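> Would you mind keeping the following structure in view while I ask a few things?
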Amino acid sequence: MKTQKKAPTLQISGLNVWYGENHILKDLTFDVLPRQVTAFIGPSNSGKTALVRCFNRLNDFTSNFKLTGEIIFNSKDIYSPKTKGSDIAKQIGMVFQHPILFRKSIYENVAYGARLQSIRPSVEQYTIVEECLKKAQLWHEVCDDLQSSPDILSNGQKQRLCVARALAADPELLIFDEPCDQLDATETPKLEAIVLSLKRQYPIIFVTNKRRQAARVSDVAGFLYCGELVEFGQTEQIFTNPKDKRTEDYVTGRLG
Amino acid sequence: MMQHYLETELKALQHQLLKMGGIAETMFRDAVQSVLNRDEELARRVIAVDDTVDKLENDIEARCIQLIARHQPVAFELRYLVMAQKVNRNIERLADKCVSIARRSIELISYPPMPSIVDLPSATQLIQEMVNDAFDALVNRNAELAKKLRERDIKVNETYQQMVDELYLLLSDQPQLIQPGFSLLILFRHLERIGDLAANIGEEVYYLVKGEVIRHTIIEQ
Amino acid sequence: MNRSELIIQIIALATLIIACVLVWILTTEVFHVEGDILSVPMDLDSESDLIDRLYRMIPLLCVAMLLSIAFAFYIEEWLSETTWYYRIINQHISILANIPSLIYGILVVCIFLFQVGKFSNFTLVLAIVFLVVPVTIQTTQSAIRGVDLSVREAAYALGANRWQVITDHVFPRAFPKITGGVFTVISRVLAIAVLLIIVCELRTSIIQDVGSYEISSNVFVLISLALLSCVLSSFLQK
């Protein structure tokens, strides 16, 4: 692994998050580097999803959400009063646990991402849609049905369509929040392959509750347990020589 | 595709293994040449190359562990990674033997030339071919070629025994040659060991292809 | 039911009662004066006059419904659910929407037609507002809440702003339910209109036969009880 110095995409320092009285994330500090897949593993309710939702300010819509600490994204403070939530979200693509599609055609679903970047229907928009569908390895499956409703697609295809839509918004960071939870065994490897092919262009944060998946796709992994970042380091090290007893218990399957 | 991804990783691993094998082959050829041509410089070069092999061994081992930890392979991929580690170790030992031969070669050069009692070139030729075929079997996943290496190793062992006998006769005649004679004896021993290592690699390749352990089993003639 | 919820409900009820008293004063004391623009007394003998007036209420009805829908979007999308004014407004709406349309109708008929004896435009406007606004707001609210949170989140995550999320996703998805709500309201309004027309005819014939008519106090007691149970039901449903 090359260890050239890269400016981190995200710098998180002293991050604490509360939902009402619940202290969800406790004093997290780490960097997310470009050209890498950073995975977060941990049992359910360990705060993985809450963490990634801080990055694109989706937590703003959760009542009683409170945050302290700093998240610097491309040298901008995400939570500074001057920053607009939608501007941050525009630069961060997110793929959710469930494939959530809009009630529009397959083409329009992807084009929606581009439209929010003020790219009107045009040859340019079509090119973007095609390119994004190709990156999401879906183009050959849907190129004949671009105008039909996404209901005809399988779950895995829908999820890949979500990836294409996120890409169409031209993000500078991609977040995958347990994207394979609803997928079957044949679709999961396809999505993982997409993640691996995309990491050359985008820094990627990958949340999963499947240890093996994190081991396969990530370069750097963080183990979250009860809101604490127990361990954060190279994936190989986490999976071969974890420093913390709890990490060891988790990766071997004794915990969670 | 994920499987595809592991496949490319395995290819890269094989590439590294073969690179190491290639270096070891060259080391062996050079070491033998240095003995036959009394070329001290060549011998020193062989000793110098060993560091590269050691480094490669560590790299390959780390890579194997990493791939096992990350992909938790099964079936062929698991066998491949298990084999790769053992072949890795065998190649490294092969390179070590070459270094030992080169050291003996330097010793022998410091003595006057020995009368050529044994057919060293043809014996080394035999071993050289074994080493080549071991790597060929690895590249082509050729189980038959790999299995045959064991039989060929028996031949090498017989040749070794003959060479030792001949050397014994020579030394009984000319006891003043006892010092270079001992170096030569040790050199023969290293050559014989290299044949063993090539056969070991063959066994591992056989395991990779057939999934069957043939180590310590009786060889049917 | 926790304490703050109870306080909110009591405040909501109190403000509602004050508002009703104000409305009562306005309709009985201020706007029934003859010659006032809003209170041209109706010629009760002519049925067609009443129907004419009812037709003229149609634009008002449309405006009231559109504003209610807009208001529902405002309180659902812009107000945080935890603020006290959101909770009070919500309580008002649920009390008012809970009252059956028949009670509104009877109130209008009894109070304004028989008791006050004068039937002004303002009374009609008021009746329509009470009849239309709470129910429209409530059905629109539930339609908006029915839109899957994940759809909003997906849109927000792509960088859509609040306005884009509403126009592109929430409104199209809530539209069928909102339309359904509008039809419910229309049926309520038509029912009351029918009631008014019938009562109007009855009253004319009663006054012709008997000369005058007084509503018995039992009616008021029963209506009060009905209102009370509506309030209680909306309290306990929370």
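> With the condition kept exactly as written, say whether any residue in the stretch B:166-176 is touching a Pro at 6+ places or on another chain (Cβ under 9 Å), hydrophobic (A, V, I, L, M, F, W, C) and at negative phi. Step through it out loud before you land on a result.
Step one: of the stretch B:166-176, the residues touching a Pro at 6+ places or on another chain (Cβ under 9 Å) are B:170, B:174.
Next cut, hydrophobic (A, V, I, L, M, F, W, C) only: B:170.
Cutting the leftovers down to at negative phi gives us B:170.
Checking the stretch B:166-176: at least one residue is touching a Pro at 6+ places or on another chain (Cβ under 9 Å), hydrophobic (A, V, I, L, M, F, W, C) and at negative phi.
> Of all residues in the stretch A:227-248, how many are away from chain B (no Cβ under 14 Å) and loosely packed, with under 15 Cβ neighbours inside 10 Å?
Counting residues in the stretch A:227-248 that are away from chain B (no Cβ under 14 Å) and loosely packed, with under 15 Cβ neighbours inside 10 Å gives 3.
> Could you please find all residues in the stretch A:168-182 being closer than 17 Å to A:Q201 by Cα and open to solvent by 10 Å² or more (accessible area, probe 1.4 Å)?
Of the stretch A:168-182, the ones closer than 17 Å to A:Q201 by Cα are A:168-176.
Answer for the stretch A:168-182, where residues must be closer than 17 Å to A:Q201 by Cα and open to solvent by 10 Å² or more (accessible area, probe 1.4 Å): A:D170, A:E172.
> Consider the stretch B:64-84. How many of its residues are in a helix (DSSP H, G or I), crowded, with 17+ Cβ neighbours inside 10 Å and not small (G, A, S)? Quick ask: steps written out before the conclusion?
Taking the stretch B:64-84 and keeping what is in a helix (DSSP H, G or I), we get B:64-71, B:75-84.
Those still in the list that are crowded, with 17+ Cβ neighbours inside 10 Å too: B:64, B:66-71, B:77, B:79-81, B:83-84.
Subsequent filtering for residues that are not small (G, A, S) retains B:64, B:66-68, B:70-71, B:77, B:79-81, B:83.
So the answer is 11.
> Scanning the stretch B:54-63 for residues that are surrounded by 20 or more Cβ atoms within 10 Å (Cβ to Cβ) and not charged (D, E, K, R), which turns out nearest to the chain's Cα centre (by Cα)?
If we take residues in the stretch B:54-63 being surrounded by 20 or more Cβ atoms within 10 Å (Cβ to Cβ) and not charged (D, E, K, R), then B:L56 is nearest to the chain's Cα centre (by Cα).
> Here is a further query. Only residues that are open to solvent by less than 10 Å² (accessible area, probe 1.4 Å) and within 14 Å of another protein chain (Cβ to nearest Cβ): list them for the stretch A:137-164, please.
Across the stretch A:137-164, the qualifying residues are A:P150, A:G156, A:Q159, A:R160, A:L161, A:C162, A:V163, A:A164.
> Considering only residues of the stretch B:64-74 that are at the interface with chain A (Cβ under 10 Å from one of its Cβ atoms) and in contact with a Leu (Cβ under 7 Å, 6 or more places away or on another chain), which is nearest to B:Q14 (Cα to Cα)?
Keep residues of the stretch B:64-74 that are at the interface with chain A (Cβ under 10 Å from one of its Cβ atoms), which gives B:65-72.
From what's left, in contact with a Leu (Cβ under 7 Å, 6 or more places away or on another chain): B:67-68, B:71.
Numbers: B:L67: 13, B:I68: 15, B:H71: 17 Å.
Among them, the one singled out is B:L67.
> Select from the stretch B:178-221 the residues that are over 16 Å from the mean Cα position of the chain (by Cα), over 16 Å from B:R103 (Cα atoms) and in contact (Cβ under 8 Å) with a residue 12 or more places away in the chain and list them in ascending order.
Hits for the stretch B:178-221 are B:Y206, B:Y207, B:L208, B:V209, B:K210, B:G211, B:I214, B:R215, B:I219, B:Q221.
> Let me ask something else. I'd like to check something: does the stretch A:98-106 contain any residue that is surrounded by 17 or more Cβ atoms within 10 Å (Cβ to Cβ) and of a type in the set (F, W, Y)?
yes
> So is C:S48 at pLDDT below 80, surrounded by fewer than 20 Cβ atoms within 10 Å (Cβ to Cβ) and part of a loop (DSSP other than H, G, I, E, B) or not?
Criteria not met by C:S48.
> Next question. Please pick out the residue among A:I88, A:I175 that is part of a helix (DSSP H, G or I), closer than 29 Å to C:W163 by Cα and within 12 Å of chain C (Cβ to nearest Cβ). Give the steps one after another, and end with the answer.
On the way: A:I175 fails: part of a helix (DSSP H, G or I).
After applying the criteria, what remains is A:I88.
> OK, next. Do we find a residue being more than 27 Å from C:V231 (Cβ to Cβ) and either among the acidic types (D, E) or within 14 Å of another protein chain (Cβ to nearest Cβ) (or both) anywhere in the stretch C:80-102?
No, there is no match, as no residue in the stretch C:80-102 is more than 27 Å from C:V231 (Cβ to Cβ) and either among the acidic types (D, E) or within 14 Å of another protein chain (Cβ to nearest Cβ) (or both).
> Turning to a different aspect of this structure: For residues that are within 14 Å of chain A (Cβ to nearest Cβ) and polar (S, T, N, Q), tally how many sit in the stretch B:1-40.
Going through the stretch B:1-40 one residue at a time, the tally reaches 2.
> Among the residues that make up the stretch B:10-17, is at least one of them open to solvent by 40 Å² or more (accessible area, probe 1.4 Å) and in contact with a Leu (Cβ under 8 Å, 6 or more places away or on another chain)?
So the first thing to find is which residues in the stretch B:10-17 are open to solvent by 40 Å² or more (accessible area, probe 1.4 Å), and the list is B:11, B:15.
From what's left, in contact with a Leu (Cβ under 8 Å, 6 or more places away or on another chain): none.
No; the residues of the stretch B:10-17 include none that is open to solvent by 40 Å² or more (accessible area, probe 1.4 Å) and in contact with a Leu (Cβ under 8 Å, 6 or more places away or on another chain).
> Continuing with the same structure: I'd like the residue in the stretch A:26-55 that is over 16 Å from A:Q234 (Cα atoms), hydroxyl-bearing (S, T, Y) and away from chain C (no Cβ under 14 Å) and, out of all such residues, is least open to solvent (accessible area, probe 1.4 Å).
Here the answer is A:S46.
> Still on this structure: In the stretch A:91-125, what count of residues is obtained for those that are more than 9 Å from every other protein chain (Cβ to nearest Cβ), in a loop (DSSP other than H, G, I, E, B) and within 17 Å of C:G159 (Cα to Cα)?
3
> Can I ask one more? Of the residues that make up the stretch B:97-104, is at least one touching a helix residue (DSSP H, G or I) at 6+ places or on another chain (Cβ under 6 Å) and over 27 Å from B:D59 (Cα atoms)?
For the stretch B:97-104, residues touching a helix residue (DSSP H, G or I) at 6+ places or on another chain (Cβ under 6 Å) and over 27 Å from B:D59 (Cα atoms): present.
> Would you check if there is a residue in the stretch A:111-131 being in contact (Cβ under 8 Å) with a residue 24 or more places away in the chain, of a type in the set (S, T, N, Q) and buried (at least 17 other Cβ atoms within 10 Å of the Cβ)?
no
> Please find, within the stretch A:56-74, the residue that is nearest to the other protein chains (Cβ to nearest Cβ) out of those that are within 17 Å of A:H23 (Cα to Cα) and part of a strand (DSSP E or B).
Residues of the stretch A:56-74 that are within 17 Å of A:H23 (Cα to Cα), as a first pass: A:59-60, A:62-70.
Still in the running and part of a strand (DSSP E or B): A:65-70.
Working: A:F65: 11, A:K66: 13, A:L67: 16, A:T68: 20, A:G69: 22, A:E70: 22 Å.
Checked the stretch A:56-74; the qualifying residue nearest to the other protein chains (Cβ to nearest Cβ) is A:F65.
> Which of the residues spanning the stretch A:41-55 are outside any helix (DSSP H, G or I), touching a helix residue (DSSP H, G or I) at 6+ places or on another chain (Cβ under 6 Å) and within 19 Å of A:W18 (Cβ to Cβ)?
The answer is A:G42, and nothing else.
> Considering only residues that are more than 7 Å from chain A (Cβ to nearest Cβ) and in contact (Cβ under 8 Å) with a residue 12 or more places away in the chain, look in the stretch C:149-165 and name the one that is farthest from C:M65 (Cα to Cα).
C:A155
> Failed condition for A:D77, given (1) open to solvent by 40 Å² or more (accessible area, probe 1.4 Å); (2) facing chain C (nearest Cβ under 10 Å); (3) without any contact (Cβ under 8 Å) to a residue 60 or more places away in the chain, with all others met?
Every condition holds for A:D77 apart from (2).
> Consider the stretch B:23-53. How many of its residues are part of a helix (DSSP H, G or I) and open to solvent by 30 Å² or more (accessible area, probe 1.4 Å)?
17
The values are calculated or read from the model by the stated rules, or taken from the named source; none is laboratory data. Computed from a predicted model, the values in this text were never measured in an experiment. Cβ coordinates were reconstructed from backbone atoms using ideal geometry, including for glycine residues, and neighbour counts include every protein chain displayed. What goes into the accessible areas is simple: the full protein's heavy atoms, side chains included, and nothing from ligands, DNA or RNA. Shrake-Rupley method; radii C 1.70, N 1.55, O 1.52, S 1.80 Å.
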